[in-house]
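Enquirer: Take this structure, written in structure tokens, and hold onto it; I'll ask about it next.
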Amino acid sequence: MEVLFLQLFNGISVSSILLLIALGLAITFGLMNVINMAHGELIMIGAYSTYVTQNIFMDLFPESMFGWYFVLAIPVSFLVAFVIGLILEFTLIRFLYGRPLDSLLATWGVALVLQQLARTIFGAPNVGVTSPSWLNGGLTVMDGVVFPYKRLFIIALVAITLFIMYLYIYRSNAGRRMRAVMQNRDMAACLGVSTRRVDALTFAIGSGIAGIAGCALTLLGPIGPSLGTYYIVDAFMVVVLGGVGKLVGTVFGALGIGVTNTVFEYWTTASLGKVLVFVCIVAFLQWRPKGLVAMRTRQLDS
């Protein structure tokens, strides 16, 4: 029973991290059909923003206030990645709409530039972020079963972010315009929706969510210029498996990959478990090419 609880918690924990990483990618990929290979570097930017926030607190604030730096680092990571994403969209991405292969090559080049820029500013070696004292330890559920506070905090952060995005996409005027452009861009433009503004804002929000993911990843280990490359493939797998542009599909895709990967790793090894997850995803997409939740519109059907 203890092993079952631990495996289930580990699966949910991995799923929450994948969901937070893939959430912004699902929005931008679904709306603009842009394959953003620099999404991992936006995660790295969020992680380094947390690192800088920590250092500022160390230098300017008393030690008693240090534990609260992480609360401030979450919106800081979002805003920094949001601004960089907005600049990237304005200078490059807006010329690549509807050109997925060109966007793949261009954003891959941007990813290399951002990695080298991070090495120049922060150095090539990984750096560590000290977790707040209130995240040390864990919650004892039963004898031999302890849920770390860091993992629980990440799960709560993902749930809050997902709820906010749900309110934005389905309960706000800006979200309605975003869904209208996603379903039928030409008709939305005819009805007076500024598709240019929607694209820019959506890409920036997706980048900001990637920044939050980077902030969360600092709780799990050291960070470096190559941080995002470890997660970009899994993020695309979640998006494709869940269904491009579907928030619900992204949730189920992340949950399925996270839990399945944890189960396979428990029964085999980490490498073989990853391979088995790939095989299962390929087999599933042969059966449902559009993913778990397919978007149905007249524009796609035609």
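Enquirer: Cut-off 10 angstrom, C-alpha nodes, Gaussian network model of the chain. Which of MET37, MET182, MET65 fluctuates the most?
Expert: Among MET37, MET182, MET65, the largest GNM mean-square fluctuation belongs to MET65.
Enquirer: Counting heavy atoms of the protein chains only and a 1.4 Å probe, report the per residue accessible area for the chain as a whole number of Å².
Expert: Value returned for the chain: 49 Å² of accessible area per residue.
Enquirer: With r defined as the distance between the Cβ atoms of LEU112 and ILE87 and R0 fixed at 22 Å, what FRET efficiency is calculated, to the nearest 0.05?
Expert: Efficiency at R0 = 22 Å is approximately 0.80.
Enquirer: Let me ask something else about it. What distance in nm separates the simple spin-label points at VAL282 and TRP134, each placed 7 Å from Cα in the Cβ direction?
Expert: That separation, rounded to one decimal, is 4.8 nm.
Enquirer: Roughly how many percent of the accessible protein surface of the chain is carbon and sulfur, given a 1.4 Å probe and a whole-percent answer?
Expert: Values: 10160 of 14880 Å².
On the chain, the fraction of accessible area on carbon and sulfur atoms equals 68 percent.
Enquirer: Which FRET efficiency value, to the nearest 0.05, is calculated for VAL233 and TRP267 with the Förster distance at 30 angstrom and r the Cβ-Cβ distance?
Expert: 0.85
Enquirer: Additional query: Based on the Cβ-Cβ distance of ALA156 and LEU8, what FRET efficiency does E = 1/(1 + (r/R0)^6) give at R0 = 25 Å, to the nearest 0.05?
Expert: Taking R0 as 25 Å, the efficiency between ALA156 and LEU8 is 0.90.
Enquirer: Still on this structure, I have one more. Where does the chain land at 222 nm, in deg cm²/dmol rounded to the nearest 500, when only DSSP H runs of n ≥ 4 count, each adding -39500 (n - 2.57), divided by all residues? Could you put the intermediate results ahead of the total?
Expert: Numbers: 12 runs with 216 residues, N = 302.
That calculation yields -24000 deg cm²/dmol at 222 nm.
Enquirer: Sticking with this structure for a sec: For percent of Cα pairs over 27 Å apart, the choices are [x] 55; [y] 43; [z] 51; which was calculated from the structure?
Expert: Recomputing percent of Cα pairs over 27 Å apart here picks out [y].
Enquirer: Note the full-extension length gain between ILE121 and TYR168 as 0.36 nm times their separation in residues minus their Cα-Cα distance, in nm to one decimal. Mind showing how you got there, number by number?
Expert: Details: separation 47, 0.36 × 47 = 16.92 nm, distance 3.49 nm.
The ILE121-TYR168 span can extend by a further 13.4 nm.
Enquirer: If I model a spin label as a point 7 Å beyond the Cα along the Cα-Cβ vector, how far apart are those points for SER194 and LEU60 in nm?
Expert: Computed distance between label sites SER194 and LEU60 equals 3.3 nm.
The values are calculated or read from the model by the stated rules, or taken from the named source; none is laboratory data. Predicted, not measured: the structure shown is a model, and the values here were computed from it. Cβ sites come from the backbone with ideal geometry, for glycine too, and all protein chains shown count toward neighbours. Keep in mind that these areas ignore ligands, DNA and RNA; they rest on the heavy atoms of the full protein, side chains included. Shrake-Rupley method; radii C 1.70, N 1.55, O 1.52, S 1.80 Å.
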